[in-house]
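First comes the structure, then the notes that go with it.
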Amino acid sequence: MKNMKQARQQGFTLIELMIVIAIVGILSAVALPAYQDYTVRAKLTEAIAQAAGAKSAVSEYYAINNAFSATVTDYGLQSDPPGKILSGIAINATTGEITLTVDIAEVAPLTATTNVIAYTPTVDATTKAITLWDCSTAATTVPDKYLPTECK
């Protein structure tokens, strides 16, 4: 009997495997929503980049004409912008506010009531130039968690 050795158990027990699966489940439950928010913010960067071009076009038009126009083509822009994320750009003739409409088919969590980013200009009374663009106005309906820091 002294020559017989006990066989050693190899592998993981069922409880160890269940603990690992529970840990992976908890981590994925936390990471998945954060990743989805990140992808929405990444898609909205295209809209923000196109807004930069629209902001400079409106600023230049206002500096030359000392007024705004409601016709997007007067600014050298397209009302149906190229790209996948934006479905429309509109400019208010009175205030110069730029309204970007995000295509909800491309940015999944957004809905028809939460798909607008609006940039409102601030005009300096003495220089008659646009000095600031504010996108944290009530006209912006995209939820704060998806907006860039400049809009919060």
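A quick yes/no check of all residues on (1) polar (S, T, N, Q); (2) at pLDDT 90 or above; (3) open to solvent by less than 50 Å² (accessible area, probe 1.4 Å):
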residue	(1), (2), (3)
Met18	no, yes, no
Ile23	no, yes, no
Ala51	no, no, yes
Ser59	yes, yes, yes
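Residues are listed down the side, and each one gets a yes or a no for (1) without any contact (Cβ under 8 Å) to a residue 12 or more places away in the chain; (2) open to solvent by 40 Å² or more (accessible area, probe 1.4 Å); (3) of a type outside the set (Asp, Glu):
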site: Ala63; (1), (2), (3): no, yes, yes
site: Phe68; (1), (2), (3): no, no, yes
site: Ile91; (1), (2), (3): no, no, yes
site: Val107; (1), (2), (3): no, no, yes
site: Ala125; (1), (2), (3): yes, yes, yes
site: Thr140; (1), (2), (3): no, no, yes
Quick one: in region 73-89, of everything that is free of Cβ contacts under 8 Å to residues at least 24 places away in the same chain and not small (Gly, Ala, Ser), which residue is surrounded by the fewest Cβ atoms within 10 Å (Cβ to Cβ)? Pro82
When Thr131 is run through (1) at pLDDT below 90; (2) open to solvent by 80 Å² or more (accessible area, probe 1.4 Å); (3) assigned to a strand (DSSP E or B), the failure sits at (1)
Considering Leu44, Leu32, which residue is open to solvent by 70 Å² or more (accessible area, probe 1.4 Å), within 21 Å of the chain's Cα centre (by Cα) and either at pLDDT 85 or above or of a type in the set (Gly, Ala, Ser) (or both)? Leu32
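The values are calculated or read from the model by the stated rules, or taken from the named source; none is laboratory data. These figures come from a predicted structure and were not determined experimentally. No Cβ is skipped: glycine too gets one built from the backbone with ideal geometry, and neighbour counts run over all protein chains shown. Heads up: the accessible areas ignore ligands, DNA and RNA and are worked out on the full protein's heavy atoms, side chains in. Shrake-Rupley method; radii C 1.70, N 1.55, O 1.52, S 1.80 Å.
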